[in-house]
Every structure is written in structure tokens, then in C-alpha cells.
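The values are calculated or read from the model by the stated rules, or taken from the named source; none is laboratory data. Model, not experiment: these values are computed from the prediction. With ideal geometry, Cβ positions are generated from the backbone for all residues, glycine too; neighbour counts draw on all protein chains shown. Quick note on the areas: whole protein, heavy atoms, side chains included, nothing else; ligands and nucleic acids left out. Shrake-Rupley method; radii C 1.70, N 1.55, O 1.52, S 1.80 Å.
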Amino acid sequence: MVNGILDYLWLVPALPLLGVVLNGAIALFAERPLLLREAGLPLTGGLGHGDASHGTSAPVTDQHGATHSDNAHGGRHETPQYRKLVAFIAPAVVGAAFVVALLCVLSLASRPADGRTFVQILFPWIQAGSLLVPAALQLDPLSSVMALVVTGVGFLIHVYSVGYMSHERAFARYFVCLNLFMFAMLTLVLANNYLLMFVGWEGVGLCSYLLIGFWYEKQSASDAGKKAFVVNRIGDFGVLLAMFLVFWTFGSLSFTEVFARVPLLRESGVLTTGLATAITLLLFLGATGKSAQIPLYVWLPDAMEGPTPVSALIHAATMVTAGVYMVARSSALFLLAPDTMMVVATIGAVTAIFSATIGICQTDIKRVLAYSTVSQLGYMFLACGVGAFTAAIFHLMTHAFFKALLFLGSGSVIHALSGEQDMRKMGGLKKYVPVTFATMFVATLAIAGVPGLSGFFSKDEILWQSFSSSHGSPFLWGIGAVAAGITAFYMFRLVFLTFFGKSRMDPEVEKHAHESPWSMTVPLAILAVLSVAGGWVGIPAVLGGSNLFEHWLAPVFHPVAAAEVVHGAAAGAAHAAEAGAHHSTTLEVGLMALSVAIALCGIAIAYFLYRVRTGKPAEIAKEWPTLYDVVYHKYYIDEFYEWAVIRRIVTFSTGLWEMFDALFIDGIVNGAAGLVRSAGDRVRRIQGGVVGGYAFSLLAGAVLLVGYLLYRSVVQ
Amino acid sequence: MIAPSAYLLLSAILFGIGVVGVVARKNILIILMSVELMLNGVNVAFVAAGSYLGDTAGGVFAFMVMTVAAAEAAVGLALLIALYRLKETIDITELRVLKW
């Protein structure tokens with residue numbers, strides 16, 4: 001078969017890599033010397049700004065003293081030429097990658113449903129014994145969705161970043177990291193084997209670290225980066241072990257080969273349920289790290305120290321969904337391990353509701369969104385856990401749209417308020433930032449699950465599946481529905497506190513409040529359209545839709561069923577009818593209405609508390625001080641980890657250091673040195689400095705030597 | 001005809017005197033002279049052995065040793081003078097720098 005455009009699939013990750021190389025050269029040879037000269041420092045890079053003081057075109061209250069004002073007189077107002085180049089290259093390569101990906105996906109879609117897996121082997125990568133790992137890319141319906149979301153949303157966020165970071169001095173460094181992230185993320189989703197996927201997996205982790213700690217001169221930012229990296233390392237450990245087990249069991253790491261061998265090995269008894277459970281649990285451990293699930297979710301809220309577009313791209317839309325993608329990709333294995341499925345569903349549901357409750361009491365606009373992200377990722381895992389992988393990927397996609405929009409909108413708000421992130425100091429922003437308000441409002445409606453918008457379809461699909469699927473239960477549905485209500489509540493709380501009511505802004509800040517430039521508002525508008533319409537590809541049959549999305553992903557998740565559908569006559573209708581026959585339509589619609597009602601309740605409560613009786617939230621907090629305190633402090637989980645894990649590890653490590661290292665290892669080394677030293681101390685006395693003595697020992701040696709030779713000749 | 005062993009005995013005696021001089025004396029000048037004595041003791045053995053065996057190589061070696069001895073004496077005396085200028089002494093027991 002002629003592959004056509006698909007042969008250029010390698011361009012999708014390669015284009016961002018080109019951006020890394022070009023921008024990297026600019027960062028190294030143009031930006032770095034300039035920054036060093038400006039700062040008058042020998043080595044340190046850009047200045048630490050913090051979200052608090054960068055990214056405003058209005059004069060900022062100067063927190064950083066002398067160095068800053070130097071720049072005001074120096075090069076700050078004239079835009080160096082290289083910045084324009086960077087601002088062009090970085091979004092352009094990602095946009096080009098999006099176009100290539102789109103063409104590839106269209107070409108893939110023109111194939112018959114059971115032939116929609118394209119593997120491109122680029123070069124042999126590792127050959128050691130029976131381990132053969134080529135650097136190979138795979139485009140199938142699942143990676144198509146991921147690649148399009150990553151490049152599409154990524155492109156919009158790159159464009160937005162050009163505006164948002166326009167006052168950042170380490171401009172090129174930022175875009176190098178962002179492009180590198182795109183490269184790693186595309187490697188992750190397009191990889192054809194676990195090992196290459198793991199390369200992308202680690203790559204995005206690295207970029208996340210670099211970008212969280214982008215303003216590394218701020219202690220909290222560099223700490224947050226470290227925390228994210230260390231916590232993720234725990235998960236990566238699981239992924240590594242899972243890969244070893246996969247190779248040990250299947251003798252291959254390639255997705256196509258591993259999943260093709262599943263039925264055979266299952267029959268021959270090599271792949272026992274226990275083994276499948278071990279592999280999938282380890283994979284899921286990795287997913288909890290990368291996708292911020294209990295117990296490894298703690299890094300994500302702290303990751304908000306990074307620039308806001310980074311939060312949107314990495315910590316909401318793309319990287320954190322890598323865990324969901326991996327679980328969905330390995331669905332063939334997960335379906336063999338019912339215990340793992342239960343764990344995944346439970347952790348997903350608990351995370352969804354747990355972090356949603358934390359979101360209620362947060363005052364930092366970005367932190368609310370961070371906990372919301374954790375909660376929505378919980379939904380995706382809930383879906384995976386009940387076997388509804390399509391619903392999980394569907395929600396992943398719609399969530400990428402509306403959560404990226406929410407983050408970018410919050411960035412626009414922060415931008416307008418000269419860096420203010422505390423919602424208590426906002427209010428009444430509607431009239432200052434109309435575009436931001438309108439788009440963010442749409443996203444809020446979408447995430448709250450208001451019917452007709454993207455979030456409604458995906459969230460409801462998950463809730464329905466968690467109720468009706470053979471792995472699901474009414475209990476899981478209940479948790480999900482309540483979490484949906486809480487989500488609606490805290491999101492509307494955010495909107496009401498930020499955009500409605502009286503202004504609580506600093507007068508100084510209010511004076512400069514302004515709408516963002518077009519490079520920021522256009523991506524917002526596009527994402528708003530996607531937040532509305534993005535769900536229309538997956539309208540369930542019960543609402544008269546054709547659920548295109550499910551049919552698109554069907555070959556990945558139900559290979560057998562898809563083949564039947566293809567050979568059957570009226571493919572879509574037959575499938576839908578078959579699916580519909582299993583469950584009662586009234587029940588599905590009824591549950592849908594119920595979850596919408598719960599969401600509307602959440603909105604109504606938020607309206608009541610933050611618009612009608614604005615004094616009420618404070619009263620409630622006073623009434624239950626302990627409860628409020630516990631939730632406000634995020635259930636003291638960080639403190640608990642500090643006590644239960646970090647303190648233990650520090651004690652243990654200190655013990656190792658003092659007992660093993662200082663006493664044992666150093667004892668051996670110092671003992672050997674001491675022995676030689678004391679021996680030398682004795683021997684050196686022979687060397688007295690008297691030349692006569694040396695001459696005598698020379699003579700004695702000669703006599704001994706001659707005597708020995710004489711003795712030997714006599715004896716022989 | 002004098003027995004070859006007598007030459008070797010003379011050689012050994014000369015060499016022994018030289019050795020004792022090198023080891024026992026304190027004056028560097030004397031030590032250098034003792035070294036010459038040792039070298040010439042060896043020369044006697046070379047020449048005697050050469051003549052006894054009818055091989056001219058013994059004589060050649062003796063000349064070789066004399067040449068080296070002359071060079072050695074020149075260098076040694078130069079060092080001696082340099083040392084004297086530096087330390088104002090040629091007493092070997094006072095020059096105790098060759099140690100750790």
C-alpha cells in the first residue's frame with residue numbers, strides 16, 4: 001500500500017526538535033550573553049521574576065530593585081531582533097507539526113477501520129541479545145487523538161506564550177523548553193514501543209521540571225520543580241519494572257507485538273492473571289505519578305509556580321494526561337486484571353472527589369484549577385477503571401480544551417492584574433477583560449457539565465459507564481456525580497469571585513487592569529469554540545448522536561468488535577443499536593438528568609453563596625472552624641507526607657550516612673591510609689640524611705648481592 | 001712471571017681501600033679521591049685479566065674507565081666548589097639535606 005503523507009509522520013516530533021535546535025542556538029549565543037551583560041554577573045542566567053511581577057505591559061511595582069531598574073534604562077524597551085525570530089520559530093514549528101499530524105490522520109482515516117495502524121520504523125535503536133528495540137512511530141486512532149490534541153492545543157499555547165512572556169527576559173530559554181516539551185510529548189504518544197514511550201515520558205518530566213523551575217531564583221519555584229521531579233521518579237520506577245516484566249513475559253516491547261501476543265500467551269497459561277495484575281499495577285503506579293493521582297498527586301498543585309501557559313500546556317492539557325494515555329494504550333493488559341481495574345477505578349473516583357473538595361477552599365486562582373485538574377484526571381482513571389477507555393480519552397480531549405482555556409484565561413487575568421493571583425483581591429473584572437471573561441465562562445460551563453457543551457458529553461459518558469459497565473457500580477457513579485456537583489460549585493465560585501461583584505483590587509492594580517493583546521485572546525477564543533463544539537464528535541446514541549469518537553477509537557479498544565462492525569452492513573447504526581440493547585435508554589437519560597441536576601445544584605449553591613449572600617462563606621467557615629481549617633490546608637497531606645515519608649527517609653539516610661558511610665566506608669579508607677602513614681613514619685627514620693649512611697647501605701647491598709651470587713655458584 | 005691472582009689481590013686491596021675511604025671519611029674531596037682509587041682498582045683487574053687472556057678488550061675498558069673517571073672528577077670537583085660556595089663547608093656530616 002502506498003503510504004503517501006504517512007511516510008512523513010516522523011516530521012511530527014522532528015519539527016519541534018528543529019525548533020529546539022534553532023531556539024537553543026539563539027538562547028545560547030544571543031540571549032545568554034545579553035542577559036549576562038545586562039545583569040553584570042559572571043554566570044547566572046535570567047532574573048527570577050515569579051508570576052507575581054512578570055508579564056505585564058503596565059509598569060509593575062518593582063520588587064527586584066536595582067537590577068530591574070538597570071534594565072529599564074538599558075535594553076528592556078528595545079526588543080532585541082532575536083526575540084522576534086524566536087517568537088516566530090517556536091509557534092511555527094509546532095503549527096507545522098500540527099498540519100503534518102492532521103494530514104497524516106486524514107490519510108489514516110481514509111483507510112478501512114481495521115487497517116488503521118501505521119507503524120514507521122525510523123532506525124534500529126537497541127539490539128542486545130533478544131532485545132530488539134527500533135525507534136519506531138505508530139499512528140493509530142488513539143495516538144491520532146493524542147497527537148492532534150498535543151500539537152493543536154500546544155500550538156495555541158505557544159502563540160499565547162508569545163504574548164504572555166513578552167516581558168520575560170529569558171524569552172528564548174522559555175521557548176527552547178516549550179519546544180523540547182512538544183518533542184518529548186509527541187515521542188511519548190507516537191512511540192511504537194514501551195521503551196521509546198518511556199523516553200518521551202522522561203523527557204516531558206524533564207521539561208516539566210525545567211519549566212516549573214523556570215524562575216529558579218525564586219526558592220518556592222525551584223523547590224516545586226524538585227518536588228515534581230522526585231515524586232515522578234517514584235512513578236517512573238513502576239514504569240521501569242513494568243517494562244522489565246513486559247519484556248520478560250512477551251519477549252518484546254513493541255505495542256503491536258505485545259498486544260498481538262496477549263491472547264496466545266493467555267491461552268498457553270504464560271500470562272497469568274497475577275502477572276497481568278503485577279504489570280498493570282506497576283504501570284498504574286507510573287500513571288499516578290505522571291497524572292497526579294492519589295497518592296502521588298502532591299506535586300501538581302505546587303507545579304503552579306511555573307509560568308501560566310506552562311500550567312496550561314503541561315500541567316493541564318497534555319503531560320498529565322500521559323498516564324491516562326498509557327493506561328488506555330495498555331488496555332489489553334488492564335482488561336485481564338480485574339483487581340487492577342478495581343484499584344484504578346477506586347483511586348480515580350477517590351481522587352476526583354478528594355481534590356474537588358480541596359478546590360473549594362483555595363484562594364489562589366491557579367491552585368483551584370490545579371486541584372480541578374487532579375480531580376478531572378481522576379474522572380479519566382475512573383473511566384479507565386470501569387473499562388470505558390474511549391470515554392477516558394474523550395474526556396482527556398475535551399478536558400484539554402476547556403482546562404487549557406481556563407488556565408490561559410486565568411493567565412490573562414493575572415496578566416491584567418499585574419501578577420495578582422489571589423481571588424480575594426479580584427472581583428468585578430468582567431468589564432475590564434470582556435474577552436477573557438466570556439471565554440472563561442464558556443469553559444466553566446463546559447467543565448461544570450452544562451448540557452450541550454463538550455464537558456457534558458464526556459463527563460456523562462464516564463458517569464454512565466461507571467454505572468452500567470460490568471466493572472462499574474452505583475457507588476462509583478455516586479462518587480462521580482457528587483464530584484461533578486462539587487466541580488460545578490468551585491468553578492462557579494472561581495468565576496463569581498473573579499469576574500463578578502464589587503472590585504476588591506488594589507486601586508493601583510485596578511488602574512492598570514487591561515485586556516490582553518490579540519496573541520493571547522485569539523487562542524482563548526479558539527479554545528472556547530473547541531470547548532463548546534469539541535464534545536459534538538462524541539454525542540451518545542441515546543441523545544440521537546452517532547458517537548463518531550467511539551467508532552474512531554473502537555479498533556484500538558475493541559479490535560474484535562470493530563472487525564465485525566466493518567464486515568457488517570450498517571456499521572454505525574448496528575453498533576449503536578447493539579450497545580443500546582444492553583441498557584435501558586430511560587435509565588441512561590434519567591441518570592444523565594440526575595447528574596445535570598447535581599451540577600446545576602452546585603452552580604446554584606455557588607450563586608447563592610458568592611452572589612446573593614456574600615457574607616455566608618465566611619460564616620460557614622467560622623461555624624465549622626476545624627473542617628474549614630483541614631480543607632484549607634489540603635487535608636494536611638503535605639504535612640503528613642513530610643512526617644510519614646520524608647522524615648523517615650531523612651532519618652534513615654542520616655543513619656546510613658553516620659553509621660555506614662562515616663564509620664564503615666570512611667573507616668576502611670582512613671584505616672588503610674593510617675596504616676601506610678604509620679609504617680612510613682617508622683621507615684623514614686632510616687633515611688637520616690647522612691651521606692655516609694647511604695654509601696654504607698649501598699655497599700651493604702652490593703656485598704649481599706655479590707655474596708648471594710657467590711653462594712649460588714658455589715652451591716650449584 | 002707474577003701470578004694473575006696477585007694482580008687481582010692488588011686490585012681488591014685498592015678497591016677495598018677506596019670503599020673504606022668513601023664510607024668512612026667526612027671530607028668530600030677525600031671521598032672523591034677514594035672513588036678514583038676504587039675505579040683504578042678495577043682498572044688493574046681489567047688490564048691484568050686482558051693480559052692474562054691475551055684479549056685487548058681489557059685494556060680498552062681500562063681506557064674507557066679512565067675517561068669516565070676524568071669526566072667524573074671534573075664534574076665532581078665543580079659540584080664540590082658550588083657546594084662549598086653555598087654551604088661554606090665540605091664536611092659531609094654537616095650536609096644532611098638528603099632526607100624526607
Residues of segment A:500-534 classified as open to solvent by 40 Å² or more (accessible area, probe 1.4 Å), in a helix (DSSP H, G or I) and either in contact with a Cys (Cβ under 6 Å, 6 or more places away or on another chain) or closer than 22 Å to residue A:422 by Cα (or both), total: 5
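Is it true that residue A:637 is in contact with a Leu (Cβ under 9 Å, 6 or more places away or on another chain), part of a helix (DSSP H, G or I), open to solvent by less than 80 Å² (accessible area, probe 1.4 Å) and more than 14 Å from every other protein chain (Cβ to nearest Cβ)? It would help to see each step written out before you state the result.
Numbers: in contact with a Leu (Cβ under 9 Å, 6 or more places away or on another chain): no; part of a helix (DSSP H, G or I): yes; open to solvent by less than 80 Å² (accessible area, probe 1.4 Å): yes; more than 14 Å from every other protein chain (Cβ to nearest Cβ): yes.
So residue A:637 fails the test.
Out of A:274, A:286, report the one residue that is in a helix (DSSP H, G or I), touching a Gly at 6+ places or on another chain (Cβ under 7 Å) and among the small types (Gly, Ala, Ser). Step through it out loud before you land on a result.
Values: A:274 fails: touching a Gly at 6+ places or on another chain (Cβ under 7 Å).
One residue alone meets the criteria, A:286.
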Over segment A:622-644, the set of residues touching a residue at least 40 places away in the same chain (Cβ under 8 Å) and at negative phi is A:628, A:631, A:632, A:637, A:638, A:641
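From the list A:554, A:577, which one is at pLDDT 50 or above and assigned to a helix (DSSP H, G or I)?
Working: A:577 fails: at pLDDT 50 or above.
Unique residue meeting the criteria: A:554.
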Output the residue which, of all residues in segment B:62-97 that are open to solvent by less than 100 Å² (accessible area, probe 1.4 Å) and not in a helix (DSSP H, G or I), is nearest to the other protein chains (Cβ to nearest Cβ). B:95
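Just to be sure, is residue A:622 away from chain B (no Cβ under 14 Å), open to solvent by less than 80 Å² (accessible area, probe 1.4 Å) and out of contact with any strand residue (DSSP E or B) (no Cβ under 6 Å at 6 or more places or on another chain)? Give the steps one after another, and end with the answer.
Working: away from chain B (no Cβ under 14 Å): yes; open to solvent by less than 80 Å² (accessible area, probe 1.4 Å): no; out of contact with any strand residue (DSSP E or B) (no Cβ under 6 Å at 6 or more places or on another chain): yes.
Here the answer is no, as residue A:622 does not meet what is asked.
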Contact list, first residue from segment A:593-606 and under 12 Å from residue A:490 (Cβ atoms), second anywhere and assigned to a helix (DSSP H, G or I) and aromatic (Phe, Trp, Tyr), beta-carbon distance below 7 Å, six or more apart or interchain, is A:602/A:489; A:603/A:492; A:605/A:489; A:606/A:489; A:606/A:492; A:606/A:496
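I want to confirm something. Restricting to segment A:680-701 and keeping residues that are modelled with pLDDT of 85 or more and open to solvent by 50 Å² or more (accessible area, probe 1.4 Å), which single residue is farthest from the other protein chains (Cβ to nearest Cβ)? Show your work before the answer.
Taking segment A:680-701 as the starting set, the residues that turn out to be modelled with pLDDT of 85 or more are A:680-683, A:696-701.
Checking the rest, the ones that are also open to solvent by 50 Å² or more (accessible area, probe 1.4 Å) come to A:681-683, A:696-699.
Working: A:681: 10, A:682: 12, A:683: 9, A:696: 5, A:697: 10, A:698: 9, A:699: 6 Å.
Residue satisfying both the conditions and the ranking: A:682.
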Filter segment A:379-437 for residues that are assigned to a loop (DSSP other than H, G, I, E, B) and over 19 Å from residue A:164 (Cα atoms); the one that is farthest from the chain's Cα centre (by Cα) is A:428
Selection over segment A:400-426 where residues are open to solvent by 10 Å² or more (accessible area, probe 1.4 Å) and either among the aromatic types (Phe, Trp, Tyr) or without any contact (Cβ under 8 Å) to a residue 40 or more places away in the chain (or both) yields a count of 1
Do we find that residue A:663 is open to solvent by 100 Å² or more (accessible area, probe 1.4 Å), out of contact with any strand residue (DSSP E or B) (no Cβ under 9 Å at 6 or more places or on another chain), part of a helix (DSSP H, G or I) and within 14 Å of chain B (Cβ to nearest Cβ) in this structure? no
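Looking at segment A:346-353, can you tell me whether even one residue there is polar (S, T, N, Q), in a helix (DSSP H, G or I) and buried (at least 24 other Cβ atoms within 10 Å of the Cβ)?
At the first step, the residues of segment A:346-353 found to be polar (S, T, N, Q) are A:346, A:351.
Checking which are in a helix (DSSP H, G or I) leaves us with A:346, A:351.
Still in the running and buried (at least 24 other Cβ atoms within 10 Å of the Cβ): A:351.
For segment A:346-353, residues polar (S, T, N, Q), in a helix (DSSP H, G or I) and buried (at least 24 other Cβ atoms within 10 Å of the Cβ): present.
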Please specify each residue of segment B:13-26 satisfying the condition of being within 14 Å of another protein chain (Cβ to nearest Cβ), surrounded by 15 or more Cβ atoms within 10 Å (Cβ to Cβ) and in a helix (DSSP H, G or I). B:15, B:18, B:19, B:21, B:22, B:23
All but one of (1) part of a helix (DSSP H, G or I); (2) open to solvent by 60 Å² or more (accessible area, probe 1.4 Å); (3) of a type in the set (A, V, I, L, M, F, W, C) hold for residue B:2, so report the exception by its number. (1)
Among the residues of segment A:212-250, write down those that are out of contact with any Ser or Thr (no Cβ under 9 Å at 6 or more places or on another chain), farther than 26 Å from residue A:277 by Cα and open to solvent by less than 10 Å² (accessible area, probe 1.4 Å). A:214, A:221, A:224
So residue A:232, is it at pLDDT below 95 and in contact with a strand residue (DSSP E or B) (Cβ under 6 Å, 6 or more places away or on another chain): no
Exactly one of A:456, A:467 is in a helix (DSSP H, G or I), aromatic (Phe, Trp, Tyr) and open to solvent by 30 Å² or more (accessible area, probe 1.4 Å), and that one is A:467
Determine whether segment B:29-41 contains at least one residue that is within 14 Å of another protein chain (Cβ to nearest Cβ), touching a residue at least 60 places away in the same chain (Cβ under 8 Å) and open to solvent by 60 Å² or more (accessible area, probe 1.4 Å). yes
Among (1) in contact (Cβ under 8 Å) with a residue 12 or more places away in the chain; (2) away from chain A (no Cβ under 14 Å); (3) open to solvent by 40 Å² or more (accessible area, probe 1.4 Å), residue B:51 falls short only on (1)
Yes or no: residue A:707 away from chain B (no Cβ under 12 Å), over 60 Å from the mean Cα position of the chain (by Cα) and open to solvent by less than 60 Å² (accessible area, probe 1.4 Å)? yes
Could you list, in sequence order, the residues of segment A:355-368 that are open to solvent by less than 40 Å² (accessible area, probe 1.4 Å), assigned to a helix (DSSP H, G or I) and in contact (Cβ under 8 Å) with a residue 60 or more places away in the chain? A:356, A:357, A:358, A:359, A:361, A:365, A:366, A:368
Among the residues of segment A:2-39, the number that are among the aliphatic types (A, V, I, L, M), free of Cβ contacts under 8 Å to residues at least 12 places away in the same chain and more than 21 Å from residue A:204 (Cβ to Cβ) is 4
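Find the residue count for segment A:119-155, including only residues that are over 26 Å from residue A:389 (Cβ atoms) and in a helix (DSSP H, G or I).
In the first step, residues of segment A:119-155 are kept if they are over 26 Å from residue A:389 (Cβ atoms); the result is A:121-132, A:134-135, A:155.
Subset that is in a helix (DSSP H, G or I): A:155.
Matching residues across segment A:119-155 total 1.
I'd like to verify a number: residues in segment A:305-333 that are among the aliphatic types (A, V, I, L, M) and either open to solvent by 10 Å² or more (accessible area, probe 1.4 Å) or assigned to a loop (DSSP other than H, G, I, E, B) (or both), how many?
Residues that pass the stated criteria total 1.
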